[in-house]
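Written out below as structure tokens is the structure these notes cover.
The values are calculated or read from the model by the stated rules, or taken from the named source; none is laboratory data. Model, not experiment: these values are computed from the prediction. Here the Cβ positions follow ideal geometry from the backbone for every residue, glycine too, while neighbour counts run over all protein chains shown. Side chains are part of the model used for accessible areas, which takes the heavy atoms of the whole protein and leaves out ligands, DNA and RNA. Shrake-Rupley method; radii C 1.70, N 1.55, O 1.52, S 1.80 Å.
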Amino acid sequence: NEPNVCCVGITGNAERVIFGTEKNVLKIWCPFNKQNNKKIVGYKGLSLGVGSKIAIVENGTRAVLFAQDISLWDLESGSVLSVFTPDMRIQTCNVAMNGKLIVFGMRDSSSLVTLQVKSRDIGQAPP
């Protein structure tokens with residue numbers, strides 16, 4: 001039991017559940033392997049709240065977090081990889097292509113914005 005949970009993400013096979021609390025903490029719960037449970041303290045400026053969303057991608061190894069800004073997390077190392085903070089407020093956000101594409105709408109704009117996630121290792125099979 002965890003108080004003040006404001007967002008939850010779950011893998012398709014239910015092997016990993018991630019939830020964010022209003023204390024700006026991400027908790028990783030692995031119901032079938034308790035040894036992999038983790039607690040990740042958020043970065044300065046993170047503001048988890050009722051409108052926050054978590055999408056688990058890359059076979060459960062990464063997460064995209066929408067909490068006023070958009071951040072990409074490495075769940076294995078427990079670290080934030082990148083943060084995107086726009087000048088205008090993001091109204092809605094969704095993740096596609098297993099985390100390789102993030103689409104969002106701004107509060108005061110009729111345009112949709114896309115972020116394409118790229119890195120040396122994103123999308124590559126592990127060795």
What number of residues in the stretch 75-92 are farther than 16 Å from residue 46 by Cα and modelled with pLDDT of 90 or more? 3
If you check residue 54 against the conditions, is it surrounded by 15 or more Cβ atoms within 10 Å (Cβ to Cβ) and more than 14 Å from the chain's Cα centre (by Cα)? no
Residue list for the stretch 41-69, filter: in contact with a Ser or Thr (Cβ under 8 Å, 6 or more places away or on another chain) and either in a strand (DSSP E or B) or among the hydrophobic types (A, V, I, L, M, F, W, C) (or both): 46, 48, 56, 64, 65, 66, 67, 69
I'd like to know if the stretch 62-78 contains one or more residues that are β-branched (Val, Ile, Thr) and open to solvent by 30 Å² or more (accessible area, probe 1.4 Å). no
Scan the stretch 1-32 for residues that are in contact (Cβ under 8 Å) with a residue 24 or more places away in the chain and either surrounded by 17 or more Cβ atoms within 10 Å (Cβ to Cβ) or of a type in the set (A, V, I, L, M) (or both) and report the count. 13
Just for the stretch 33-44: of the residues that are at pLDDT below 90 and more than 15 Å from residue 2 (Cα to Cα), which one is surrounded by the most Cβ atoms within 10 Å (Cβ to Cβ)? 36
Which ones in the stretch 79-108 are open to solvent by less than 90 Å² (accessible area, probe 1.4 Å) and more than 13 Å from residue 65 (Cβ to Cβ)? 86, 88, 92, 96, 98, 100, 101, 103, 105, 106
